[in-house]
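> Okay, here's the structure, questions in a sec.
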Amino acid sequence: MNAETTPPAPSDATEIPHTGRTACVIGSGFGGLALAIRLQSAGIATTVIEARDKPGGRAYYWEKDGFTFDAGPTVITDPDCLRELWALSGHDMAEDIEIMPVMPFYRLNWPDGTNFDYSNDEEQLFGEIAQLNPADVAGYQRFLEYSAGVYEEGYVKLGHKPFLDFKSMLKAAPALAKKQAWRSVYSMVSSYVENEKLREALSFHTLLVGGNPMKTSSIYALIHKLEKDGGVWWAKGGTNRLIAAMVKHFERIGGTVRLHDPVVQVHTLGNRASEVETHSGWKQRFDAVASNADIMHSYKDLLGETKRGKSYAKSLSRKSFSPGLFVVHFGIEGTWPGIPHHMILFGPRYKGLLEDIYDHGVLPQDFSIYLHHPSVTDPGMAPEGMSTFYALVPVAHMGKLSVDWEEMGPILEKRILDEVERRLIPDLHGRIKTKFHYAPRDFAMDLNAHMGSAFSLEPVLTQSAWFRGHNRDDVIDNFYLVGAGTHPGAGIPGVVGSAKATAGLMVEDLLEK
């Protein structure tokens with residue numbers, strides 16, 4: 001396998017004084033690139049090594065028959081956390097990428113035909129709530145106050161702060177206890193609103209970061225405040241263009257990207273990571289190594305020759321991991337201005353469906369679908385007169401659900417497309433120009449995702465903050481984590497926040513000690 005390396009720095013390169021320290025970031029997902037930009041901006045010569053032919057990790061993309069298909073993620077919130085990455089070196093994100101507002105944020109649809117448009121337009125939103133239950137308008141306003149409180153405690157104060165010892169967890173505990181963090185998002189929402197559809201509308205967000213609304217800590221209600229203040233956005237050209245912009249900026253400030261050459265081992269000397277080795281045989285020494293790879297892969301495989309790698313992988317194997325995803329990408333004839341950018345098509349069950357996925361590990365007949373329709377916001381995602389979609393359903397990970405995805409994939413794909421056809425797009429099957437699906441098995445093969453999990457460790461309270469993978473390893477003192485498996489967790493703001501926490505530690509360790 002031939003490794004592709006970064007071309008010479010572009011003419012608009014920004015000179016940043018080099019400190020003489022070096023770092024390697026394994027994996028070029030949002031978290032890895034955000035960390036690499038922070039390190040390079042601090043004068044630490046940083047190399048990003050990516051296994052696949054294109055950067056992005058889970059934010060990979062495909063181009064087929066004139067359609068552009070983002071692998072995901074597709075919901076951009078808190079764009080300021082991204083803008084900050086450019087501002088570190090005096091640049092503006094708008095130089096490299098245009099982000100476009102999405103409105104409504106989501107349209108929620110139930111089998112009885114009820115639609116609910118969720119946004120931060122208060123007057124319109126209160127009207128939507130009143131149609132479901134007028135009494136819940138006041139309850140929703142109280143819920144927003146709660147959301148603002150947990151946003152302040154959980155995101156502003158703790159979202160970028162590493163939890164390296166239990167003492168730091170104990171320090172945060174009183175504020176979290178005051179917000180009843182032990183309760184689930186669904187339970188907390190239910191204490192404010194009565195209507196079941198509204199309870200689903202205000203709790204489904206945790207599924208976008210791999211969490212079961214019935215079990216995920218109520219701290220995750222902060223997502224509502226995050227969206228209300230910052231909006232929901234789309235990167236023109238696709239999430240892949242935002243990744244490309246991050247790579248362009250990283251190279252502009254002197255960073256190096258090595259593509260299509262998987263890391264096979266992180267060598268250690270005593271309690272320090274000493275050298276990184278790739279599939280092609282390339283080896284290089286670094287002062288510090290950070291992994292944006294799957295957390296189990298990082299310890300079980302990349303550090304598999306070390307005592308620490310073996311012991312922590314064993315510990316991780318006892319933890320609960322988030323579900324997998326089954327995604328159907330399809331490009332169709334016609335444009336659909338009546339179908340918004342983001343839709344949730346709820347199935348006939350909510351709690352029971354979640355139990356099947358998270359607890360029972362079965363593949364139910366029914367499902368809820370997240371339908372992504374980027375070409376309604378950004379027509380360039382499809383050929384003229386056509387539309388790009390994907391339909392995503394959560395499924396149990398391969399540790400709980402042992403189906404042959406080669407056999408089951410086409411069956412589930414048809415069932416999902418049948419449901420979209422029945423509820424939204426007549427003659428969908430006849431309009432399809434191209435389609436393919438992506439299953440947990442693909443996550444496992446392409447991304448080394450443990451058991452095909454799409455979001456790493458499940459975001460329950462007992463696997464959050466200090467209980468999650470630590471931003472700096474406890475034993476190998478110059479090995480760090482970034483991304484969904486470490487604090488604060490999955491989602492773009494989560495992994496970009498993890499980069500801020502991890503970069504703070506690395507800069508201090510490399511430059512200040």
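> Suppose we keep only residues that are in a loop (DSSP other than H, G, I, E, B) and among the basic types (Lys, Arg) within the stretch 210-243. Which one would you say is surrounded by the most Cβ atoms within 10 Å (Cβ to Cβ)?
Lys215
> I'd like the full set of residues that are within 14 Å of Phe479 (Cα to Cα), in contact with a Gly (Cβ under 9 Å, 6 or more places away or on another chain) and surrounded by 21 or more Cβ atoms within 10 Å (Cβ to Cβ), limited to the stretch 261-292.
Val266, Thr268, Ala290, Ser291, Asn292
> Take Val247 and decide whether it is in the same structural domain as Thr22 (by TED's automatic domain parsing), under 30 Å from Lys300 (Cβ atoms) and of a type outside the set (Lys, Arg).
Yes; evaluated as a whole, the condition is true for this residue.
> Are any of the residues in the stretch 401-419 free of Cβ contacts under 8 Å to residues at least 40 places away in the same chain, small (Gly, Ala, Ser) and either more than 29 Å from His373 (Cβ to Cβ) or in contact with a helix residue (DSSP H, G or I) (Cβ under 9 Å, 6 or more places away or on another chain) (or both)?
Checked against the condition, which is being free of Cβ contacts under 8 Å to residues at least 40 places away in the same chain, small (Gly, Ala, Ser) and either more than 29 Å from His373 (Cβ to Cβ) or in contact with a helix residue (DSSP H, G or I) (Cβ under 9 Å, 6 or more places away or on another chain) (or both), the stretch 401-419 yields at least one hit.
> Is it the case that some residue within the stretch 132-149 is touching a Lys or Arg at 6+ places or on another chain (Cβ under 6 Å), of a type outside the set (A, V, I, L, M, F, W, C) and touching a residue at least 40 places away in the same chain (Cβ under 8 Å)?
yes
> Still on this structure: Name the residues in the stretch 340-364 that are more than 24 Å from Glu458 (Cα to Cα) and surrounded by fewer than 18 Cβ atoms within 10 Å (Cβ to Cβ), would you?
Of everything in the stretch 340-364, just one residue is more than 24 Å from Glu458 (Cα to Cα) and surrounded by fewer than 18 Cβ atoms within 10 Å (Cβ to Cβ), namely Pro348.
> Oh, and also: May I ask you to list the residues in the stretch 416-430 that are surrounded by fewer than 14 Cβ atoms within 10 Å (Cβ to Cβ) and of a type in the set (D, E, K, R)?
Once the filter is applied, which keeps residues that are surrounded by fewer than 14 Cβ atoms within 10 Å (Cβ to Cβ) and of a type in the set (D, E, K, R), the stretch 416-430 yields Asp418, Arg422, Asp427.
> Shifting gears a bit: Mind checking which residues of the stretch 305-339 are assigned to a loop (DSSP other than H, G, I, E, B) and buried (at least 23 other Cβ atoms within 10 Å of the Cβ)?
Residues satisfying the conditions are Ser322, Pro323.
> Let me ask another. Just to verify a result, which residue in the stretch 460-500, among those that are of a type in the set (Val, Ile, Thr) and out of contact with any Gly (no Cβ under 6 Å at 6 or more places or on another chain), is nearest to Lys215 (Cα to Cα)?
If we take residues in the stretch 460-500 being of a type in the set (Val, Ile, Thr) and out of contact with any Gly (no Cβ under 6 Å at 6 or more places or on another chain), then Val460 is nearest to Lys215 (Cα to Cα).
> Looking only at the stretch 262-297, count every residue that is assigned to a helix (DSSP H, G or I) and touching a Leu at 6+ places or on another chain (Cβ under 7 Å) and tell me the total.
Summing the residues that are assigned to a helix (DSSP H, G or I) and touching a Leu at 6+ places or on another chain (Cβ under 7 Å) in the stretch 262-297 gives 2.
> Select, from Gly127, Gly139, Gly113, the only residue that is closer than 16 Å to His224 by Cβ, surrounded by fewer than 21 Cβ atoms within 10 Å (Cβ to Cβ), more than 23 Å from the chain's Cα centre (by Cα) and of a type in the set (Gly, Ala, Ser).
Answer to the selection: Gly139.
> Count, please, the residues in the stretch 142-159 that happen to be surrounded by fewer than 20 Cβ atoms within 10 Å (Cβ to Cβ), under 30 Å from Gly504 (Cβ atoms) and of a type outside the set (Asp, Glu).
4
> Here's a follow-up. Are there helices (runs of 4 or more DSSP H) fully within the stretch 398-511 with at least 1 residues that are more than 30 Å from Pro383 (Cβ to Cβ), out of contact with any Ser or Thr (no Cβ under 7 Å at 6 or more places or on another chain) and not aliphatic (A, V, I, L, M)? List them.
The qualifying helices (runs of 4 or more DSSP H) are 405-423, 440-447, 492-507.
The values are calculated or read from the model by the stated rules, or taken from the named source; none is laboratory data. Source: prediction; values computed, not measured. Note that we place each Cβ from the backbone using ideal geometry, even for glycine, and neighbour counts take in every protein chain shown.
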